[in-house]
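Please read the structure below before turning to the comments.
The values are calculated or read from the model by the stated rules, or taken from the named source; none is laboratory data. On a predicted model such as this, the values are computed, not experimentally measured, just so you know. Neighbour counts are summed over all protein chains in view; Cβ atoms, including those assigned to glycine, are modelled from backbone coordinates with ideal geometry. Please note that ligands, DNA and RNA were not included when accessible areas were found on the heavy atoms of the full protein model with its side chains. Shrake-Rupley method; radii C 1.70, N 1.55, O 1.52, S 1.80 Å.
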Amino acid sequence: MPDSEGQVQNIPKQMPGKVLALRFKKIIQTFTTTDFNGEEQETYQFEKKKDEKGQPTTEDAEFYTFTGSKIMIDQALSDFTREDLPVPTIIQQYRGKDGKEYTKFT
C-alpha cells in the first residue's frame, strides 16, 4: 500500500474474528407461579417500547447487540443449528472470581 510519499509499504491485514449477533428483550421482573400439576412456571415482564412522548407502550422492546465472546460463539455453534434459528433462549451474566463479568446461554 503506498504511503503519503508514494513509497510502497507492506501492511499486514487482520482477518476479523467471528461475531455473534443477538436480538434480545430486557427482563424487568420474573414471576414464578405454580400450575395445577404443582410445577413451577416462570413468566417475565419485559421492558416496553416507548412512544414519541417517551411513554411506555404495550409492545415489548427489542434490542440488538454483537459479541465476539469465544465462549458464546462456541456454545451457539454447538448448541444450535441453522434450522433452529432464531430460537428464544436466556443469556445470564456471571461474575468470575477475578471480578470480570461473563455471559453464557442457559
Among the DSSP beta bridges whose two residues both lie in the chain, what percent are antiparallel, rounded to the nearest 5? 100
For the residue pair residue 61 and residue 48, what label-to-label distance in nm results when each label sits 7 Å from Cα along the Cα-to-beta-carbon direction? 1.2
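Which chymotrypsin sites (Phe, Trp or Tyr not before Pro) from region 1-102 combine a DSSP loop assignment with at most 13 other Cβ atoms within 10 Å?
Of the chymotrypsin sites (Phe, Trp or Tyr not before Pro), the ones in loops of region 1-102 whose Cβ has at most 13 other Cβ atoms within 10 Å are 36.
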Could you work out which residue, out of 18, 70, 53, moves most in a Gaussian network model of the chain, that is, has the largest mean-square fluctuation with Cα springs under 10 Å? 53
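Placing unit charges on C-beta atoms (Lys and Arg positive, Asp and Glu negative, everything else neutral), compute the dipole magnitude of region 1-79 about its Cα centre in debye, rounded to 20.
The calculation lands at about 320 debye.
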Assuming a strict under-12 Å limit between Cα atoms, what lysine pair count do you get for region 15-104 once near-sequence pairs (fewer than 8 apart, same chain) are dropped? 6
So, with a 1.4 angstrom probe, what is the percent of accessible area on the chain that is carbon and sulfur? 52
Out of [x] 41, 31, 21; [y] 50, 28, 18; [z] 77, 41, 37, which label holds the value of Cα extents along the principal axes in Å that was computed here? [z]
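Which of the three applies to region 56-106, rounded, prolate or oblate, going by the alpha-carbon gyration tensor with a ≥ b ≥ c and a/c under 1.5 meaning rounded?
oblate
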Once the dipole of the chain is set up with Lys and Arg at +1 and Asp and Glu at -1 on Cβ about the Cα centre, which of 9, 54, 33 lies farthest towards its positive end? 9
Around residue 33: net Lys/Arg minus Asp/Glu count, Cβ-Cβ under 15 Å: -4
Estimated vicinal HN-Hα couplings, Hz - region 7-16 in sequence order (Karplus 6.51, -1.76, 1.60; Gly, Pro = x): 6, 7, 10, 8, 10, x, 9, 9, 7, x
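Accessible area per residue, 1.4 Å probe, Å², for the chain: what's the number?
Using a 1.4 Å probe on heavy atoms only, each residue of the chain averages 91 Å².
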